[in-house]
Amino acid sequence: MAYSEFDLADVAAKLGVTVTDAPDLFAGVPGVPLSPTVQGLLPLYFPLAIANGTEKARSELLIAPVLADTREQLGRRVSLFSGWDFVVDRAKGLNGVCDYILCGSPQQEFITSPVAVVVEAKNENIKGGLGQCGAEMVAAQLFNERSGRPAESVFGCVTSGNVWRFLQLTGSELRIDQKEYYLTTQPDAIVGILFHMLGGTGATLRGRGDPR
């Protein structure tokens, strides 16, 4: 079994996680604007992503620019990995390629703890990606613990490029935000939550204040 084979029922039954709904998990987290550069590029990228209609196009033109911009705004004090193999526990099925991994460290040569994860929704099916994201979050939690840098919470996200849905794993409770955020209309909220995710994994948000 690999991350992509998990659905939410598998995460609960096989990984011992309790799945709960949260009406507005990140209420009160302040928004953070995209940089002017990325704000200027997205109107060009959106039509291309829609016209192509592929996961690769959405990943390259919508998801990656937002994540890279978040890293840049944090002064490159966090690292971003795309398409990396993340093997944590094969016996539990915690292995496979992750769409994106964010780490609370500037080291960009290999994955270090603490870890957060972002999953690209397949065929724009956000709900279908929640199980994969949950499994990767359990793996990140275990990876952080084994590395001697356990985090109070591990965060994750499933996104189609435009639609973003966030999750939080604390102990054995996986909380899924019932609110969806849209890059077309709520980019500040999305970047603000990404800041919060990375603040929660130990990144220092100098000059912006820690939104936790």
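The values are calculated or read from the model by the stated rules, or taken from the named source; none is laboratory data. A quick note: this is a predicted structure, and the numbers were derived from the prediction, not measured. Ideal geometry is used to build each Cβ from the backbone, glycine not excepted, and the neighbour counts take in all protein chains shown.
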Quick check: anything in segment 8-29 among the hydroxyl-bearing types (Ser, Thr, Tyr), surrounded by 14 or more Cβ atoms within 10 Å (Cβ to Cβ) and modelled with pLDDT of 95 or more? no
All but one of (1) under 25 Å from Leu74 (Cα atoms); (2) in a helix (DSSP H, G or I) hold for Leu142; which doesn't? (1)
Mind checking whether some residue in segment 150-172 is among the charged types (D, E, K, R), surrounded by fewer than 20 Cβ atoms within 10 Å (Cβ to Cβ) and within 30 Å of Pro36 (Cα to Cα)? no
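State which residue is farthest from Asn144 (Cα to Cα) when the search covers only segment 60-88 and only residues that are among the aliphatic types (A, V, I, L, M) and in contact (Cβ under 8 Å) with a residue 60 or more places away in the chain.
Leu61
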Only one of Arg175, Arg206 is basic (Lys, Arg) and either buried (at least 24 other Cβ atoms within 10 Å of the Cβ) or at pLDDT 95 or above (or both). Can you tell me which? Arg175
Going through segment 2-38 one residue at a time, which ones are part of a loop (DSSP other than H, G, I, E, B), in contact with a helix residue (DSSP H, G or I) (Cβ under 8 Å, 6 or more places away or on another chain), within 18 Å of Leu94 (Cβ to Cβ) and of a type outside the set (D, E, K, R)? Phe6, Val17
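Gly134 - would you say it is part of a helix (DSSP H, G or I) and touching a residue at least 12 places away in the same chain (Cβ under 8 Å)?
Values: part of a helix (DSSP H, G or I): yes; touching a residue at least 12 places away in the same chain (Cβ under 8 Å): yes.
Yes, satisfied.
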State all residues of segment 43-65 that are β-branched (Val, Ile, Thr) and either surrounded by fewer than 13 Cβ atoms within 10 Å (Cβ to Cβ) or more than 15 Å from the chain's Cα centre (by Cα) (or both); if no residue qualifies, say none. Ile50, Thr54
Look through Glu124, Glu145, Glu180, Glu120 and report the one residue that is surrounded by fewer than 21 Cβ atoms within 10 Å (Cβ to Cβ) and either within 22 Å of Val38 (Cα to Cα) or β-branched (Val, Ile, Thr) (or both). Glu180
Among the residues of segment 115-126, are any modelled with pLDDT of 95 or more and under 30 Å from Ala49 (Cα atoms)? no
Just one of (1) free of Cβ contacts under 8 Å to residues at least 40 places away in the same chain; (2) closer than 22 Å to Gln186 by Cα; (3) assigned to a strand (DSSP E or B) trips up Leu41, so point out which. (3)
